[in-house]
1. Just one of the numbered conditions (1) farther than 30 Å from Ala79 by Cα; (2) open to solvent by less than 20 Å² (accessible area, probe 1.4 Å); (3) among the β-branched types (Val, Ile, Thr) is not true of Ile133; which one?
2. Among the residues of segment 79-137 satisfying the criterion of being among the β-branched types (Val, Ile, Thr), farther than 16 Å from Ala161 by Cβ and not in a loop (DSSP other than H, G, I, E, B), which is nearest to the ligand (Cβ to nearest atom)?
3. Any idea which of (1) in contact (Cβ under 8 Å) with a residue 60 or more places away in the chain; (2) β-branched (Val, Ile, Thr); (3) out of contact with any helix residue (DSSP H, G or I) (no Cβ under 6 Å at 6 or more places or on another chain) is the one Val64 doesn't satisfy?
4. Sort through Phe117, Phe173 and tell me the only one that's in contact with a strand residue (DSSP E or B) (Cβ under 6 Å, 6 or more places away or on another chain), of a type in the set (Phe, Trp, Tyr) and not assigned by TED's automatic domain parsing to the domain that holds Ala52.
5. Does Tyr239 count as away from the ligand (no atom under 16 Å from the Cβ) and either of a type in the set (Ser, Thr, Tyr) or modelled with pLDDT under 95 (or both)?
6. Spot the failing condition for Thr191; the list is (1) away from the ligand (no atom under 16 Å from the Cβ); (2) assigned to a loop (DSSP other than H, G, I, E, B); (3) surrounded by 20 or more Cβ atoms within 10 Å (Cβ to Cβ), and only one is missed.
7. Can you tell me which of (1) open to solvent by 40 Å² or more (accessible area, probe 1.4 Å); (2) under 22 Å from the mean Cα position of the chain (by Cα) is the one Arg210 doesn't meet?
8. Filter segment 138-175 for residues that are in contact with a Gly (Cβ under 7 Å, 6 or more places away or on another chain) and within 12 Å of the ligand (Cβ to nearest atom); which is nearest to Ser47 (Cα to Cα)?
Amino acid sequence: MKVYFKTVGCRVNQVETQSLTEKFVSLGYETASVPGEADIVVVNSCSVTEYADRDTFNFIKRTVASHPKARLVVTGCIATLNPQKILELAPGAAVFPNADKEKIPYQLAGIPPKENFFSVGGFSGHTRAFIKIQDGCNLKCSYCLVPSARSEIKSKTAAAALAEIKNLIGAGFKEIVLCGTRLGMYKCPETAKGLAGLMGEIFGLSGDFRIRFSSLEPGEVSEELAAVLKGGGERFCDYFHLPLQAGSDAVLKAMGRPYTSGEYLKKLDILRKNFKEPGLFADVIAGYPTETEEQFAETLAFVEECFFAGLHVFRFSRRPGTRAYALKPLPPEIVRERAERLRVLDAGMRASYAASMCGRSLKVLVLRTGRKGAFDGEIPDLETRPHAKGGDCGPKAVFAADSENKSRQTLGLASNFLNVSLKEKIQPGSFVKVRILGVSGGSCSGEPVQPWP
Ligand code: SF4
């Protein structure tokens with residue numbers, strides 16, 4: 001029997017799909033590369049924005065219309081929050097809420113489930129591996145559905161996480177990204193160790209690897225955690241994705257975000273004190289319903305003051321079941337215009353941050369190689385852009401194609417999340433120290449520091 005997987009949304013969803021795939025294969029199923037080949041089609045849905053909803057519902061409609069014989073299984077946040085809508089579109093679908101997602105392969109095979117907090121043994125088609133160590137959120141940000149869709153706060157045991165990471169290092173993965181809905185809320189159910197404690201143990205593992213965090217809530221940044229991460233040296237990526245959402249205290253209050261702009265800045269200071277020019281990225285929502293032009297101007301000014309390495313800009317999206325849903329939305333043209341102004345700011349900050357790396361040597365993980373000049377111009381859909389659909393995430397990697405750079409054939413990712421391209425052909429999945437010689441847009445180019453692998 002063949003299974004096809006459609007995944008929409010966040011890193012946690014992507015890790016869960018990888019784990020489900022491995023479980024199905026362990027039960028004798030094969031994976032299909034297109035829905036048309038599949039006996040079973042599994043949709044791991046997302047509902048974080050209306051675009052994610054639309055993406056999922058359109059896929060379900062298409063599957064029902066063009067592959068009526070396929071068994072349709074829908075899970076994820078829409079299956080948890082709005083199962084009736086799925087059954088309207090696909091009356092025959094099997095709907096599994098997030099809480100039952102890991103049981104799917106076993107239930108379909110008619111055997112007792114073997115759940116292991118979505119552990120993975122690899123990450124097909126990727127040079128980097130992603131693992132899930134935490135789930136759930138108990139904050140109540142006014143615009144967000146996640147606490148309703150992932151309400152149970154839980155963590156993987158430290159022992160299981162360490163075994164999984166050891167296994168991935170053994171499988172040749174050099175970079176492992178720790179994922180969770182609220183990574184900073186990690187707490188081992190056996191030892192009560194927190195994220196700092198777990199990281200201390202991970203840094204004690206043998207092998208040539210580095211760890212990256214998917215994201216941290218600002219409140220989860222502490223002097224203690226930063227000191228432990230600093231102690232990891234090159235085994236920890238100097239990259240932090242800290243959702244900000246707004247720079248105006250009035251808007252932050254309206255959103256129910258648990259910090260002020262001043263407190264947020266203090267968190268950046270902790271990170272800048274412990275890491276040399278770390279890659280600091282932030283999510284910002286454009287066009288929150290109560291946001292005035294003056295408050296938006298505060299956000300622009302605050303974002304500039306933070307001097308981020310890059311932004312992920314999201315247009316406000318009304319979500320049924322959230323407090324913000326009841327608010328009168330701003331006119332769409334205002335929302336679009338504010339998102340555009342943030343993106344312009346973002347492009348400038350990415351270029352400045354990339355330029356600030358000139359002359360420095362960065363540890364780069366080679367992601368891909370191609371023909372001569374393969375990495376000239378716009379680079380679509382790098383491994384680094386999960387939310388490509390519907391979201392307004394940061395710009396694509398753009399390498400200005402001029403005569404000098406025409407020959408570039410290797411692309412990598414620096415520890416601070418900068419895209420780096422090289423002329424030399426270097427094996428994907430290997431680390432190389434690169435001296436940064438040039439920048440274009442928000443990306444860098446350079447040459448390997450001798451000796452290289
Ligand atoms: S912290 Fe806020 S925005 Fe993030 S998942 Fe929780 S409720 Fe949603």
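The values are calculated or read from the model by the stated rules, or taken from the named source; none is laboratory data. This structure is a prediction, so every number in the text was calculated from the model and none was measured. Glycine also receives a Cβ, built like all others from the backbone with ideal geometry; neighbour counts cover every protein chain displayed. Each accessible area value is taken on the protein alone, full model and side chains, heavy atoms only, with ligands, DNA and RNA left out. Shrake-Rupley method; radii C 1.70, N 1.55, O 1.52, S 1.80 Å.
1. Ile133 satisfies all of (1) farther than 30 Å from Ala79 by Cα; (2) open to solvent by less than 20 Å² (accessible area, probe 1.4 Å); (3) among the β-branched types (Val, Ile, Thr) except (1).
2. The selected residue is Thr80.
3. Checking Val64 against (1) in contact (Cβ under 8 Å) with a residue 60 or more places away in the chain; (2) β-branched (Val, Ile, Thr); (3) out of contact with any helix residue (DSSP H, G or I) (no Cβ under 6 Å at 6 or more places or on another chain), the one that fails is (1).
4. Checking each option against the conditions leaves just Phe173.
5. Against the criterion (away from the ligand (no atom under 16 Å from the Cβ) and either of a type in the set (Ser, Thr, Tyr) or modelled with pLDDT under 95 (or both)), Tyr239 qualifies.
6. Checking Thr191 against (1) away from the ligand (no atom under 16 Å from the Cβ); (2) assigned to a loop (DSSP other than H, G, I, E, B); (3) surrounded by 20 or more Cβ atoms within 10 Å (Cβ to Cβ), the one that fails is (3).
7. (1)
8. Filtering first and then ranking leaves Leu145.
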